[in-house]
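Colleague: Shown below is the structure under consideration.
Each value in this text was obtained by applying a stated rule to the coordinates, not by laboratory testing. Everything numeric in this text was worked out from a predicted model, so none of it was measured. Neighbour counts are summed over all protein chains in view; Cβ atoms, including those assigned to glycine, are modelled from backbone coordinates with ideal geometry.
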């Protein structure tokens, strides 16, 4: 006979929408399929391969020289905020550090949403917003982008009710790759009655940032991450930039003590001291991105969209499953997206190292022929 606790858990699983989870198939594919030198083009999770692993390990080793793992974090978070302050040109009091950008998003939803209230976002976009909103038993309203991936500005604002408390805007947007204009963000900050959250996970690969608007708009929060441009996806480190009172509330009211581990805090500070390495990697990503879009658009039956992120969205004339499995058999792993607005058979591919991108293009030529 089932216990009450188990019955409650089963009901929860049956009634709760799936959370933001993704099981990376890379390891099982690597062991299940045999390729020359096991060179699989891993282009499914927007990881940054342009900072050499050896260089990152060196930075980590230097950061941890005086680490005492027996101690809880001491002043490491304060030092990291100071480094981020130098990087952004904003006071440290505007910065809140979290266990990845995703965790900052969860804190924001926790702080501003109650059961039965609403948040609003665009579609398609990053699925973490739905997860964060669902945790608060609130509702997420999705407003489709226009077919050119631009904002349907009027529809966004006309969908706002007295229960709408947050607007999530991913810019550059995942998975479309386009960046929304500063003037559009200004207009939203002025016209939306709640909090505007601009997720800038990919902004280092783009042309501009909304960070400069923080001083003017008290209802604006910008979320950043060390996972993409900085190549530290495995360390789960992110931060938010906001009005001083909001930053304080996100740090003190909706965060457990010692939320971020000492290792991540120290490595984050150390890599900001080595920012030239990151900047060089970003320039290489941008150069490869342009080549990749051009090469993909040179394949019959393939259409690639311009991007301001470290990934490229493309669609194929041949069916989604056929193309995905065909690429997989040739050692290329991309992310299946499916339907994006009016576009069918869409995929998202990380801008990888030159050999990875060449492998994608060659494989796609064969699969699409």
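Colleague: Considering only DSSP beta bridges with both partners in the stretch 53-273, what is the antiparallel share in %, to the nearest 5? Please list the in-between numbers first.
Modeller: Numbers: 9 of 28 bridges.
Antiparallel bridges make up about 30 percent of those DSSP assigns within the stretch 53-273.
Colleague: If I stretch the segment between residue 115 and residue 24 completely, what's the gain in nm (0.36 nm per residue apart, minus their alpha carbon distance), one decimal? Working shown, then result.
Modeller: Numbers: separation 91, 0.36 × 91 = 32.76 nm, distance 3.23 nm.
Once the chain is fully extended between residue 115 and residue 24, it gains 29.5 nm.
Colleague: Would you kindly give the portion of the calculated P(r) for the stretch 92-134 that falls above 16 Å, as a percent of all Cα pairs?
Modeller: Counting pairs separated by more than 16 Å, the tail of P(r) holds 41 percent.
Colleague: Give me the number: length gained by fully extending residue 70 to residue 258, i.e. 0.36 nm times residue separation minus the C-alpha to C-alpha distance, one decimal in nm.
Modeller: Numbers: separation 188, 0.36 × 188 = 67.68 nm, distance 1.34 nm.
Going from the current span to full extension adds 66.3 nm.
Colleague: Give me the tail of P(r) for the stretch 156-213 as a percent: Cα-Cα pairs with distance above 15 Å. Don't skip to the answer; put the middle values down first.
Modeller: Details: 780 of 1653 pairs.
So the pairs more than 15 Å apart make up 47 percent of the total in the stretch 156-213.
Colleague: Would you mind ranking 284, 130, 81, 224 so that the residue whose beta carbon has the fewest other beta carbons within 10 Å leads the list? Working shown, then result.
Modeller: On the way: 284 17, 130 20, 81 23, 224 28.
By the 10 Å Cβ count, ascending: 284, 130, 81, 224.
Colleague: Would you order 255, 123 from fewest to most other beta-carbon atoms within 10 Å of each residue's own beta-carbon? If you can, show how the numbers build up before the last one.
Modeller: Details: 255 21, 123 13.
Neighbour counts put them in this order, fewest first: 123, 255.
Colleague: Right, next: For the stretch 53-273, what is the convex hull volume of the alpha-carbon atoms per residue, in Å³? It would help to have the intermediate numbers written out before the result.
Modeller: Values: hull volume 26.1 nm³, N = 221.
So the per-residue hull volume is 118 Å³.
Colleague: Kirkwood hydrodynamic radius of the chain from all distinct Cα pairs, in Å? Please list the in-between numbers first.
Modeller: Numbers: mean 1/r = 0.0458 Å⁻¹.
In the chain this quantity evaluates to 21.8 Å.
Colleague: Right, next: Could you give me D for the stretch 93-214, from Stokes-Einstein at 4 °C and 1.567 mPa s, where the hydrodynamic radius is the Kirkwood radius over C-alpha pairs? Units µm² s⁻¹, please. Please report the intermediate quantities before stating the final value.
Modeller: Values: Rh = 14.6 Å.
D = 89 µm²/s.
Colleague: At 37 °C and 0.692 mPa s, what whole-number value in µm²/s does Stokes-Einstein give for the translational diffusion of the stretch 222-369, with Rh from the Kirkwood sum over Cα pairs? Intermediate results must be reported in sequence, preceding the final value.
Modeller: Working: Rh = 17.7 Å.
Translational D for this selection: 185 µm²/s.
Colleague: Quick one: work out the % antiparallel among DSSP beta bridges in the chain, nearest 5. Provide the component values of the computation, followed by the final result.
Modeller: Values: 21 of 42 bridges.
Percent antiparallel among DSSP bridges in the chain is about 50.
Colleague: Next question. Starting from a Cα-only point model with no solvent, please compute log10 I(q)/I(0) by Debye for the stretch 157-287 at q = 0.10, 0.15, 0.18 1/Å.
Modeller: Each listed q corresponds, in turn, to -0.37, -0.83, -1.13.
Colleague: Set the Förster radius R0 to 41 Å, insert the Cβ-Cβ distance between residue 279 and residue 162 as r into 1/(1 + (r/R0)^6), and round the FRET efficiency to 0.05.
Modeller: Working from the Cβ atoms, E equals 0.35.
Colleague: Another question, if that's okay. Hey, for a label at residue 146 modelled as a point 7 Å past Cα toward Cβ, could you say which residues of the stretch 191-234 have their backbone N under 20 Å away?
Modeller: Under cut-off, by backbone N: 191-192.
Colleague: Same structure, new question: Going by C-beta contacts inside 10 Å, put 170, 85, 253 in order with the fewest on the left. List each step's numbers first, then the result.
Modeller: On the way: 170 25, 85 17, 253 10.
Fewest to most other Cβ atoms nearby, the residues stand as 253, 85, 170.
Colleague: Just to verify a number: FRET efficiency for residue 57 and residue 153, C-beta to C-beta distance, R0 = 35 Å, to 0.05?
Modeller: Numbers: r = 46 Å, r/R0 = 1.31.
In this case the efficiency is close to 0.15.
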